[in-house]
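Below is one structure, written out as structure tokens; the observations come after it.
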Amino acid sequence: MRRRAVSVLLAGVMTLGLAVTGLTGCGSSTDDGQEKIRLMVWSPQNDQSKDNGEWLQTMCETFAERHPEWDITFVYGVADEASAAGQVAQDPEASADVFMYANDTITTMTDANALAKFGGKYRDEIESINSQEVLDSLIMDGDLYGVPFTTNTWYMYYDKSVYSEEDIKNIDTMLEKGVVSFPFVNSWYLPAFYLGNGCTLFGDGTDESAGVDFGGENAVAVTDYLIDMEQNPNFKIDDLGSGIAGLRDGSINAMFTGSWDANSIKEALGDNMGVASLPTYTLNGEEKQMLAYAGSKAIGVNPNTDYMVPAIELAVFLGSSEAQKAHYEMCGTIPCSTELLEDPVISSDEVVIAQNDTFNNTSILQPFVSKMNNCWTPVENMGKGIRNGSITHENAADQTVQMNEAMNSDGI
């Protein structure tokens, strides 16, 4: 018996549809009684790279070997977790059977009836290896919509030759002792300061009717703080890779990003690389805890697949502790399996420690209600306005109210 693997490079969903026309359909049987099926599987390029041992292909072939009842042909496509949802939602019937996606895109797919629910024994298996906090990132209206394989958030990297463990507890202390870079015009990062001073998004994050509260006196105080921070000569805006470049040449001593930049930062700082959860900041004499957005990345299944049971089984396997461990070893993907997080090697990894500390203690679950889409541009414009000097202490209150109104409007 021969199992085949087909690679398809996706430039978009239309390319995908043309490339695999005729590859899906009802299963037939081989002479030895096996069901012949084809599963289209999407993942980021990193997971299919030869440099990373072709993690996806390796896991899929392992899965096939463990299921001799199926003669499986895998069709591999490249789609990262952020863009997969848009491709699947645009044309579910021409999309992958199994794919990886970021949890904040759930509603994009559920609105298009393009994401399957996991129930019964499969949900039991998923719940058995994940914390409730991770599961909550994939549950909507009580239904579970994927198999988590990593948490998704950001934290701080710093030069240990410049900062002590005491210094890194507060970003203002860090600004006194060295140069700090922050993605100031990136609306995934900037809300950390507003959230730290009591601003809220959709109540507990799930109530669209509660709206956004980024416009009160507490928000204005943050805007004033950010204006001062941006003008600090020891503060640099991280944009287009300038943070890592600065770490490399010594002009920057700390920056904020996630696990995806860990290898590059390690190359820049070597043994001086430090990693930590988010610091506090001092607002009007009081320490406030920065709070990152947090979520997860998951394996999803297309409800339009012709092979629902094999697709569900494959998704559960790709998110299993076994596959997560291989994902960590081959690609550096931080596991979320509670079993693996107790593994001595994994639990001592400082990037793993920082990611889990942030996820569990210095973050909020990023809302994935549809109206969250209205929140990105107004916050980005706030950062840009402070950077270019159009937002000042004189108009900070008015500009903050305008930001809040835009976040609560469907017009931007």
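Below is a table of values for the structure above.
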| quantity | calculated |
| --- | --- |
| Extension reserve of the S348-E176 stretch, reckoned as 0.36 nm per residue once the Cα distance is removed | 58.9 nm |
| The stretch 331-412: C-alpha gyration tensor shape, a/c 1.5 cut-off, then a/b vs b/c | prolate |
| Per residue accessible area in Å² of the chain, where ligands, DNA and RNA are left out and the probe is 1.4 Å | 42 Å² |
| Euclidean distance of C-alpha centroids, the stretch 286-313 and the stretch 346-412, integer Å | 21 Å |
| Spacing of the two label points (7 Å from each Cα toward its C-beta) at T206 and Q231, in nm | 4.4 nm |
| Residue range of the chain that is longest and free of GluC sites (Glu not before Pro) which are both DSSP loop and sparsely packed (at most 11 other C-beta within 10 Å) | 167-393 |
| Cα-based shape type of the stretch 249-307, given that a ≥ b ≥ c are square roots of the gyration tensor eigenvalues and the cut on a/c is 1.5 | oblate |
| Surrounding net charge for N304, when Lys and Arg each add one and Asp and Glu each subtract one, Cβ distance under 12 Å | -4 |
| Point-to-point label distance, D239-A82, nm (Cα→Cβ direction, 7 Å offset) | 1.7 nm |
| Charge sum, other residues only, whose C-beta stays under 13 Å from K236's C-beta, Lys/Arg counted +1 and Asp/Glu -1 | -3 |
| Net lengthening on full extension, E65/E286 (0.36 nm per residue, minus Cα-Cα) | 73.7 nm |
| Cα gyration tensor category, rounded, prolate or oblate, for the stretch 133-253 with a/c compared to 1.5 | oblate |
| Formal net charge of residues neighbouring K160 (Cβ-Cβ distance under 13 Å; K, R +1; D, E -1) | -4 |
| Options S128, G142, A85, ranked by Cα towards positive dipole end of the stretch 80-172, top entry (Cβ charges) | S128 |
| Degrees separating the helix 321-331 axis from the principal Cα axis of the chain, which is the longest one | 60 degrees |
| Whole-percent carbon and sulfur share, accessible surface of the stretch 135-197, 1.4 Å | 40 percent |
| Angle between the chain longest axis and helix 376-388 axis [Cα atoms, degrees, rounded to 10] | 40 degrees |
| Label assignment, P(r) over Cα pairs in 10 Å bins from 0, in percent derived from the structure, set (1) 5, 21, 29, 25, 14, 5, 1, 0; (2) 4, 17, 25, 22, 14, 8, 5, 3, 1, 0; (3) 5, 24, 34, 27, 9, 1 | (1) |
| Within the stretch 323-401: Cβ-based charge dipole about Cα centre, in debye rounded to nearest 20 (Lys, Arg +1; Asp, Glu -1) | 460 debye |
| Dipole-positive endmost among L39, A219, G285 within the chain (Cβ charges, Cα centre) | L39 |
| Acute angle (nearest 10 degrees) that the helix 308-318 long axis makes with the longest principal axis of the chain, alpha-carbon atoms | 50 degrees |
| Links that overshoot a 30 Å alpha carbon limit, given the list K177/K371; K160/K236; K121/K325; K117/K266; K117/K169; K117/K325 | K177/K371; K117/K266; K117/K169 |
| Share antiparallel - DSSP beta bridges, the chain, percent rounded to 5 | 55 percent |
| The chain, dipole about Cα centre (Lys/Arg Cβ +1, Asp/Glu Cβ -1), debye to the nearest 20 | 880 debye |
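The values are calculated or read from the model by the stated rules, or taken from the named source; none is laboratory data. The structure displayed is predicted, hence computed values, not measured ones. Glycine gets a Cβ as well: all are built from the backbone with ideal geometry, and neighbour counts include every protein chain shown. Only protein heavy atoms, including side chains, enter the accessible area calculation; ligands, DNA and RNA are left aside. Shrake-Rupley method; radii C 1.70, N 1.55, O 1.52, S 1.80 Å.
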